[in-house]
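Trainee: Mind looking over this structure? Questions follow.
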Amino acid sequence: MQHEALIVIDIQNDITKHYKAVIDNINTSIDWAVEKGIHVVYIRHENLSAGTRTFKTGTRGAELAPELKIVSDHVFTKYKGNALTSEAFAEFIQQHGIDTFYITGADATACVKSTCYNLRKADYAVSVLSDCITSYDLKKIDDMIAYYEGKGCTIIQSGDLSA
């Protein structure tokens, strides 16, 4: 089981829109991962672009949301959408021989999409927890679920985990 990881992408203070609707499901999935001995990894986005107003390094907006359960010190920062662009995260995967990922977080149309695409491209097993992802535009969630399936991801819900 240690070759698995639950990934929580960008549940930070600057994800102000819609994350509260999925935070309980994300926390439930975190509890499941802890119970099963699965790595729990947190990915934080930071914007380095001049003039950016969100996810600025060193601000409250870039911090993990206070409602999010923090159960490990596996917190990695990325500066692009794809979580694999974090060298420390990529190294963590390699060090622990992780080959199976459970994906939660935001934004379904950006960072979650890019991370799922790149994990599948690298031939990892990826399950997206459909009730643990959100987007600035909720109307696009169904299209994103279809996209993930089309890329070879398994679509499950947090309630499926205990089975």
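Trainee: Among the residues in the range 19-36, are any more than 18 Å from ALA108 (Cα to Cα), of a type outside the set (S, T, N, Q) and under 14 Å from the mean Cα position of the chain (by Cα)?
Mentor: Within the range 19-36, one or more residues are more than 18 Å from ALA108 (Cα to Cα), of a type outside the set (S, T, N, Q) and under 14 Å from the mean Cα position of the chain (by Cα).
Trainee: Taking the range 1-51 on its own, how many of its residues are aliphatic (A, V, I, L, M) and either under 19 Å from TYR79 (Cα atoms) or free of Cβ contacts under 8 Å to residues at least 40 places away in the same chain (or both)?
Mentor: 12
Trainee: Among the residues of the range 45-54, how many are surrounded by 15 or more Cβ atoms within 10 Å (Cβ to Cβ) and either over 24 Å from ILE93 (Cα atoms) or at pLDDT 95 or above (or both)?
Mentor: 1
Trainee: Moving to a separate point now. Exactly one of these conditions fails for ASP107: (1) surrounded by 14 or more Cβ atoms within 10 Å (Cβ to Cβ); (2) farther than 23 Å from THR28 by Cβ; (3) among the charged types (D, E, K, R). Give me its number.
Mentor: Against the list (1) surrounded by 14 or more Cβ atoms within 10 Å (Cβ to Cβ); (2) farther than 23 Å from THR28 by Cβ; (3) among the charged types (D, E, K, R), ASP107 comes up short only on (2).
Trainee: Here's another thing I want to ask about it. Under 8 Å between Cβ atoms, which residue pairs at least 6 apart in sequence (or on different chains) link something in the range 55-78 that is small (Gly, Ala, Ser) and at pLDDT below 95 with a partner that is assigned to a strand (DSSP E or B) and open to solvent by 80 Å² or more (accessible area, probe 1.4 Å)?
Mentor: Listed pairs, sorted by first residue: ALA62/LYS56.
Trainee: Looking at (1) closer than 17 Å to ILE15 by Cβ; (2) over 14 Å from the mean Cα position of the chain (by Cα); (3) of a type outside the set (A, V, I, L, M), can you tell me which one LYS151 breaks?
Mentor: (1) is the only condition that LYS151 fails.
Yes/no matrix, rows are residues, columns are (1) open to solvent by less than 30 Å² (accessible area, probe 1.4 Å); (2) touching a Gly at 6+ places or on another chain (Cβ under 8 Å); (3) not aliphatic (A, V, I, L, M):
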position	(1), (2), (3)
ILE11	yes, yes, no
GLU35	no, no, yes
LYS56	no, no, yes
ALA65	yes, no, no
ILE70	no, no, no
ASP73	no, no, yes
PHE76	yes, no, yes
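Trainee: Follow-up question, since we're still on this one. Answer yes or no as to whether TYR42 is open to solvent by 80 Å² or more (accessible area, probe 1.4 Å), under 19 Å from VAL112 (Cβ atoms) and not acidic (Asp, Glu).
Mentor: Judged against the criteria, TYR42 is not a match.
The values are calculated or read from the model by the stated rules, or taken from the named source; none is laboratory data. As the structure is a computational prediction, the values presented were derived from the model and not from experiment. As a convention, Cβ positions derive from the backbone with ideal geometry for all residues, glycine included, and neighbour counts pool all protein chains shown. In case anyone asks, the SASA skips ligands and DNA or RNA and just uses the protein heavy atoms, side chains included. Shrake-Rupley method; radii C 1.70, N 1.55, O 1.52, S 1.80 Å.
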